[in-house]
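Contents: one structure, followed by commentary.
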Amino acid sequence: MSDTFVRIASSLVSLAKGLHARGWLLGTSGNLSAVVDREPLRLAITPSGADKGELTAAQILLIDEDCININESTVKLNNDVRGKPSDESPLHVTVVKARRAGAVIHTHSVWATILSDVHALECGVAIEGYEMLKGLHGVSTHQHREWIPIIDNSQDMPALANTLNEVLAQYPDAHAFLLRRHGLYTWGRDLKEAKRHVEIMEFLLETLGRRLRSS
């Protein structure tokens with residue numbers, strides 16, 4: 001594997017463990033990816049079924065734009081030899097292509113899951129007036145109104161990826177989206193920015209959730 005892949009794999013593991021410690025990637029939930037090459041597209045991504053708190057760099061996979069594992073070696077998890085990318089890999093590829101993202105993070109926090117259900121009929125969540133919004137790329141004022149689309153979850157990943165592509169085109173300024181009763185997806189130009197975005201989004205979603213609970 002290239003030095004770039006090795007470096008990115010190490011960064012993904014470090015980030016995954018940090019997000020796990022904050023309760024946003026418990027058990028085998030969630031997934032992370034980062035672009036290794038643009039032409040042809042290559043993504044480093046966490047494998048299906050991996051405990052993010054116990055993740056190692058050797059488990060990180062390399063996939064192409066068709067979500068095919070092109071690693072030179074397989075991965076051993078739970079005494080089984082596997083090399084299966086996350087089932088949600090098509091969503092990562094869709095975001096990378098639609099947003100020219102360099103990294104994508106999917107978390108399974110309590111607040112994101114709750115709000116994705118509570119606001120499902122509205123097809124999204126609006127957040128405005130909070131200082132933390134200024135940490136999002138391109139946002140310079142707390143008066144910004146961020147719309148986070150909500151998409152119904154599905155096990156049909158190709159169909160879900162098509163729906164996501166349409167939603168991203170409909171809301172070109174969105175920094176994230178929610179899968180109903182599932183969790184949050186956000187991204188950035190690189191892993192550093194994606195990490196910042198997930199921290200900001202999780203903070204804002206928890207703030208809204210706590211307000212909802214107290215009202």
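Computed values, structure above
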quantity	calculated
Matching residues, region 68-90, being modelled with pLDDT of 95 or more and in contact with a helix residue (DSSP H, G or I) (Cβ under 6 Å, 6 or more places away or on another chain)	PRO90
Residue match in region 41-49 (condition: at pLDDT 95 or above, surrounded by fewer than 24 Cβ atoms within 10 Å (Cβ to Cβ) and part of a loop (DSSP other than H, G, I, E, B))	yes
Selection within region 163-173 - among the polar types (S, T, N, Q) and loosely packed, with under 13 Cβ neighbours inside 10 Å	GLN170
Count of residues meeting criterion [more than 15 Å from SER109 (Cα to Cα) and of a type outside the set (Ser, Thr, Tyr)] in region 171-205	13
Any hit, region 170-191, residues being acidic (Asp, Glu) and in a helix (DSSP H, G or I)	no
Subset of region 12-60 that is hydroxyl-bearing (Ser, Thr, Tyr) and out of contact with any Lys or Arg (no Cβ under 9 Å at 6 or more places or on another chain) - its residue that is nearest to THR113 (Cα to Cα)	SER33
Positions within region 107-143 being hydroxyl-bearing (Ser, Thr, Tyr), more than 19 Å from the chain's Cα centre (by Cα) and within 24 Å of ARG180 (Cβ to Cβ), in sequence order	TYR130
Test set (1) of a type outside the set (Ser, Thr, Tyr); (2) within 25 Å of LEU15 (Cα to Cα); (3) surrounded by fewer than 20 Cβ atoms within 10 Å (Cβ to Cβ) - PRO158 fails condition number	(2)
One residue from ALA98, ALA120 being surrounded by fewer than 18 Cβ atoms within 10 Å (Cβ to Cβ) and in contact with a Lys or Arg (Cβ under 7 Å, 6 or more places away or on another chain)	ALA120
Among residues of region 114-138, those that are of a type in the set (A, V, I, L, M) and without any contact (Cβ under 8 Å) to a residue 24 or more places away in the chain, counted	2
All positions within region 114-136 that are closer than 18 Å to LEU168 by Cα and of a type in the set (A, V, I, L, M, F, W, C)	ALA120, CYS123, VAL125, ALA126, ILE127, LEU136
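Results for (1) small (Gly, Ala, Ser); (2) out of contact with any Phe, Trp or Tyr (no Cβ under 8 Å at 6 or more places or on another chain), shown as yes or no for each residue.
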{"site": "VAL104", "(1), (2)": "no, no"}
{"site": "GLY129", "(1), (2)": "yes, yes"}
{"site": "LEU133", "(1), (2)": "no, yes"}
{"site": "HIS137", "(1), (2)": "no, yes"}
{"site": "THR141", "(1), (2)": "no, yes"}
{"site": "ILE148", "(1), (2)": "no, no"}
{"site": "ASN153", "(1), (2)": "no, yes"}
{"site": "ASP156", "(1), (2)": "no, yes"}
{"site": "ALA159", "(1), (2)": "yes, yes"}
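The values are calculated or read from the model by the stated rules, or taken from the named source; none is laboratory data. All values reported here derive from a predicted model rather than from experimental measurement. Cβ sites come from the backbone with ideal geometry, for glycine too, and all protein chains shown count toward neighbours.
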